[in-house]
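First up is the structure itself, then whatever we jot down about it.
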Amino acid sequence: MTMRQVQSATLPRLAVFGTGGHGRETAWLAEQTGIQREKIAFVVNANHFAASKINGLPVHTLESGTCDGWPCVVAIGDPL
């Protein structure tokens with residue numbers, strides 16, 4: 001394993017629950033704090049978003065289990 005592979009495997013990951021404005025801003029902020037784009041993913045509970053990308057980041061469903069064990073932030077809200 002190369003040093004880059006070791007670093008990549010140990011860098012933090014983040015699952016962002018929600019793909020609206022709050023979710024996109026949260027993902028952007030996570031990237032600004034040093035989490036690599038490849039380690040950030042959106043998680044949704046609606047199948048019509050599955051296997052798509054938003055702002056270049058992958059979108060997974062809760063049922064897929066892809067982000068199981070990842071730290072998660074809930075980024076949903078009502079602007080009113």
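The values are calculated or read from the model by the stated rules, or taken from the named source; none is laboratory data. Predicted, not measured: the structure shown is a model, and the values here were computed from it. As a convention, Cβ positions derive from the backbone with ideal geometry for all residues, glycine included, and neighbour counts pool all protein chains shown. Just the protein is used for accessible areas: all its heavy atoms, side chains included, with ligands, DNA and RNA removed. Shrake-Rupley method; radii C 1.70, N 1.55, O 1.52, S 1.80 Å.
Things worth noting here:
- Taken over segment 43-62, the criterion of being on the phi < 0 side of the Ramachandran plot and loosely packed, with under 10 Cβ neighbours inside 10 Å is satisfied by H48 alone.
- Number of the condition not met by L29 [criteria: (1) in contact (Cβ under 8 Å) with a residue 12 or more places away in the chain; (2) over 13 Å from P12 (Cβ atoms); (3) open to solvent by 50 Å² or more (accessible area, probe 1.4 Å)]: (1)
- Lone qualifier among G18, G69 - being at pLDDT below 95, at positive phi and in contact with a Gly (Cβ under 9 Å, 6 or more places away or on another chain): G18
- Subset of segment 48-66 that is out of contact with any Phe, Trp or Tyr (no Cβ under 8 Å at 6 or more places or on another chain) and closer than 13 Å to A27 by Cβ - its residue that is modelled with the lowest pLDDT: K53
- Qualifying strands (runs of 3 or more DSSP E) (wholly inside segment 13-80; at least 3 residues being of a type in the set (A, V, I, L, M, F, W, C)): 14-17, 40-44, 72-74
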